[in-house]
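Some notes on the structure that comes next.
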Amino acid sequence: MEPAQPADRVPADRTPTDGPTPAAEARVEVDGQPAGEPALVAPVAAARQDQPEPAAAAPLASSAPPAPAEVRRSDRSPKDMAISLLVLLIPIALLLAFYRGFLGGDQPTPVDPAPAIEQAQDAKAFPVTQPAGLGDDWRPVNARYQTAEGGSTLRIGYVTPDGKGAQLLQSNVPAEQFIPTELTDRAQPQGQVDLNGRNWQRYTARENEQALVLLEPGRTVIVVGDARENELRELAGSLR
């Protein structure tokens, strides 16, 4: 009789019991091999080696190629741009030349001074005279009668035959106030001129302008502008 073994001891070697072990039960058919036989791994590995490796992703280009519009823009030379501008500017220049040369685009629109003259005559604030005998090349371009504190003034502006400007002023504003207002504070008499029986005084005026001044009781008449002196004299001598 063998001595009894302690209960906590486990036999060193265990004899497998009858029947399949759990490992055997877990075996399944792999790649057509019956259970219990080792699976054929070599063919699978060889098939994997025959497959081509996936191509690595191509690196991103450092800079994208320019768009077609950018390519076309960069291909344009300064000469091409200059030609394009000329194509646009030439028709505009032709239109301006036609407008100025044939339609008188640069010429001011003539006006009729008669209504302003009649208004001044009806007001009876001062004796009103008007030019007489001027040629058609004297074009009135503005005319107005206005009343302000200190008196009233009739203004008629002309374009002279030489294309310069001349203005006829008649007013009952005191001369010591009217002359500096119209001719600047630096206006000074430069001598006398007899025109059609009236004694006019030559005055300096604003830059590039000169003036003729007639002093009469109750009114002051000024002819001023950048026109030549002979044209200013013609306008002053035409007053009736």
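List of remarks:
- Test: residue in the stretch 135-156 that is of a type in the set (S, T, N, Q), touching a helix residue (DSSP H, G or I) at 6+ places or on another chain (Cβ under 7 Å) and farther than 20 Å from PRO108 by Cβ: yes
- Among the conditions (1) closer than 25 Å to ARG228 by Cβ; (2) part of a strand (DSSP E or B), TYR145 misses just one, which is (1).
- When the stretch 152-166 is filtered for residues that are surrounded by fewer than 20 Cβ atoms within 10 Å (Cβ to Cβ) and either under 18 Å from ASP226 (Cβ atoms) or modelled with pLDDT under 95 (or both), the ones remaining, listed by number, are ARG155, GLY157, VAL159, PRO161, ASP162, GLY163, LYS164, GLY165.
- Here the condition is being of a type outside the set (Gly, Ala, Ser) and in contact with a Lys or Arg (Cβ under 6 Å, 6 or more places away or on another chain); of ARG144, ARG139, it holds for ARG144 alone.
- Just one residue in the set VAL141, VAL111, VAL193 is under 21 Å from ASN208 (Cα atoms), open to solvent by 20 Å² or more (accessible area, probe 1.4 Å) and among the aliphatic types (A, V, I, L, M); that residue is VAL141.
- Which listed residue, of ALA123, ALA143, ALA114, is in contact with a Pro (Cβ under 7 Å, 6 or more places away or on another chain) and at pLDDT 95 or above: ALA143
- Odd one out for VAL128, checked against (1) free of Cβ contacts under 8 Å to residues at least 60 places away in the same chain; (2) in a loop (DSSP other than H, G, I, E, B); (3) under 16 Å from VAL224 (Cα atoms): (3)
- Annotation note: Cβ proximity below 7 Å between a residue of the stretch 136-162 that is farther than 21 Å from ALA175 by Cβ and a residue that is part of a loop (DSSP other than H, G, I, E, B) and acidic (Asp, Glu) (sequence gap 6+ or interchain) occurs for PRO161/ASP137.
- Of the residues making up the stretch 158-202, those that are closer than 24 Å to GLN119 by Cβ and part of a loop (DSSP other than H, G, I, E, B) are ASN172, VAL173, PRO174.
- For the stretch 196-227, filtered to residues that are more than 23 Å from PRO174 (Cα to Cα) and at pLDDT 95 or above, the residue that is least open to solvent (accessible area, probe 1.4 Å) is ALA227.
- Members of the stretch 125-138 found to be of a type outside the set (S, T, N, Q), more than 44 Å from the chain's Cα centre (by Cα) and surrounded by 14 or more Cβ atoms within 10 Å (Cβ to Cβ), listed by number: ALA125, PHE126, PRO127, VAL128, PRO131, LEU134
The values are calculated or read from the model by the stated rules, or taken from the named source; none is laboratory data. It should be emphasised that the depicted structure is a prediction, and the values quoted were computed from it without experimental measurement. Cβ sites come from the backbone with ideal geometry, for glycine too, and all protein chains shown count toward neighbours. What goes into the accessible areas is simple: the full protein's heavy atoms, side chains included, and nothing from ligands, DNA or RNA. Shrake-Rupley method; radii C 1.70, N 1.55, O 1.52, S 1.80 Å.
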